[in-house]
1. Residues of region 203-242 being within 16 Å of the ligand (Cβ to nearest atom), of a type outside the set (A, V, I, L, M, F, W, C) and in a loop (DSSP other than H, G, I, E, B), which ones?
2. Going residue by residue through region 43-57, is there one that turns out to be small (Gly, Ala, Ser), modelled with pLDDT of 95 or more and surrounded by 22 or more Cβ atoms within 10 Å (Cβ to Cβ)?
3. Name, by its number, the condition in (1) modelled with pLDDT of 95 or more; (2) surrounded by fewer than 18 Cβ atoms within 10 Å (Cβ to Cβ) that does not hold for Leu99.
4. Given the options Thr63, Thr52, name the one that is under 19 Å from Leu134 (Cβ atoms) and of a type in the set (Ser, Thr, Tyr).
5. Could you say which residue among Val245, Val260 is crowded, with 24+ Cβ neighbours inside 10 Å and more than 16 Å from the ligand (Cβ to nearest atom)?
6. Across region 383-406, what is the total count of residues that are under 13 Å from Val341 (Cα atoms) and either under 21 Å from the mean Cα position of the chain (by Cα) or outside the structural domain of Thr223 (by TED's automatic domain parsing) (or both)?
7. When residues of region 279-303 are filtered for being within 14 Å of Cys340 (Cα to Cα) and either hydroxyl-bearing (Ser, Thr, Tyr) or out of contact with any His (no Cβ under 8 Å at 6 or more places or on another chain) (or both), how many remain?
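The values are calculated or read from the model by the stated rules, or taken from the named source; none is laboratory data. Computed from a prediction, not measured in an experiment: that's the story for all the values here. Here the Cβ positions follow ideal geometry from the backbone for every residue, glycine too, while neighbour counts run over all protein chains shown.
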Amino acid sequence: MDNSAQPQPGAAGDLAGRHIVLGLTGGIACYKSAELCRLLIKQGATVQVVMTEAAEQFITPVTMQALSNRPVYGSQWDAREPNNMPHINLSREADAIVLAPCSADFIARLVHGRSDELLSLLCLARPMQRVPLLVAPAMNREMWLHPATQRNMAQLASDGAVLLGVGSGPQACGETGDGRMLEPAEIVDDLIAHLSPKPLAGQHVLVTAGPTFEAIDPVRGITNLSSGKMGFAIARAAREAGARVTLVAGPVHLATPRGVARVDVRSAQDLLLAVEQHVDAASVFVATAAVADWRPAHAAEQKIKKDGSGQVPALSFVENTDVLARVAQSPRARSGALYCVGFAAESEALLQNAQAKRARKGVPLLVGNIGPATFGQDHNALLLVDEAGARELPHASKLALARQLVAEIATRLS
Ligand code: CTP
């Protein structure tokens, strides 16, 4: 039996200790709610499923009960509640209510404060200040684009609901467009972000991540082993902490964290341009990219061919601009309007090299990767070097470390 969705007793997850009411309304996307339920539980949440009658046409309460390990609620007349008030009891226990999928009809019902069945009743009865309502719509593209739906969505937002947006692509009806329910993992990420403290609210964080690629000719180049995972984790953590985030990414195969604006670049020169374009709007700059120190002086326009003589081509290099050092020396950084954080990849004498690098680059905070080489790994340990000295963040997942680092940055900003 696959018990992987069941949280282990005492296991930590990003939703550990959270109680989530998962509301299903009528739509083909209900099949994804089974996976959503599993992912929520995997993150440590307890999940109480509530289904409308229409949802039961698409997926059975038996499935959702088995996955959530709790009886599903569907009726406001449910005699299991001693006081006969499931709408009060369920909404008071919740840390959040997530409607996924939320149909066009159910959105309209919420807008009008309807309460003639359990799910809309408990949404209306929820303590608005304490229990957020997250809405993941799912419907045909024409229904989604209809002015009535868009009007209702705007009204829902101004009534305090958290709108998670929709995906785009092929739909069950055979049409293609906007209106698909977000993927379960995206909904979980948005929920985690929503429930996170917001110490970076009002800040704009610019992050560089990944390797660069320096062309030798159209098919060859010089790069390095950076996976970009640490930078992507920092971008995600900063967004969770309430910042607006721009992520300048070298060539990597990583999904963009939810809610993060991504700019893809290839070479160190591209990276410099992208940073220059976005840095004026930023209040924090975190440089995790493994930027090539040198690039071939000339990239050949055509593929370099062997000429049969056995001679190897000679490459000459020019130095790339040190992006971090340049940004750290800008007037905004010097005046304190822009807080700069550098990273250091060292193969020896981490503390001494990190301290020297911090001074050389002129950044207030320099973060050393504690070896052995962590390129491509999901875990790391960090050494934070600032004017007060050095402090270690012990071995943990890159996401956990990113969250700690973001909290450290927030403390320094305040
Ligand atoms: N960095 C940068 N632009 C460069 C080189 C490095 O922005 N052209 C940034 C990196 O993103 C990192 C920091 O500078 O935040 C240190 O990078 P690292 O490769 O460790 O050091 P270097 O400055 O390249 O020095 P060395 O290779 O001699 O250790």
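1. Residues satisfying the conditions are Gly210, Thr212, Thr223, Asn224, Ser226, Ser227, Gly228.
2. Let us first name the residues in region 43-57 that are small (Gly, Ala, Ser), namely 44-45, 54-55.
Remaining after also requiring modelled with pLDDT of 95 or more: 44-45, 54-55.
Now drop any that are not surrounded by 22 or more Cβ atoms within 10 Å (Cβ to Cβ), which leaves 45, 55.
Checked region 43-57: at least one residue is small (Gly, Ala, Ser), modelled with pLDDT of 95 or more and surrounded by 22 or more Cβ atoms within 10 Å (Cβ to Cβ).
3. Condition (2) is where Leu99 drops out.
4. On the way: Thr63 fails: under 19 Å from Leu134 (Cβ atoms).
Answer to the check: Thr52.
5. Numbers: Val260 fails: crowded, with 24+ Cβ neighbours inside 10 Å.
Only one candidate qualifies: Val245.
6. The total comes to 3.
7. Filtering region 279-303 for residues within 14 Å of Cys340 (Cα to Cα) gives 279-289.
Those still in the list that are either hydroxyl-bearing (Ser, Thr, Tyr) or out of contact with any His (no Cβ under 8 Å at 6 or more places or on another chain) (or both) too: 279-280, 283, 285-289.
Result for region 279-303: 8.
Residue-wise test of (1) away from the ligand (no atom under 16 Å from the Cβ); (2) surrounded by fewer than 21 Cβ atoms within 10 Å (Cβ to Cβ).
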residue: Ala282; (1), (2): no, no
residue: Thr288; (1), (2): no, no
residue: Asp293; (1), (2): no, yes
residue: Ala299; (1), (2): yes, yes
residue: Gly310; (1), (2): yes, yes
residue: Asp322; (1), (2): no, yes
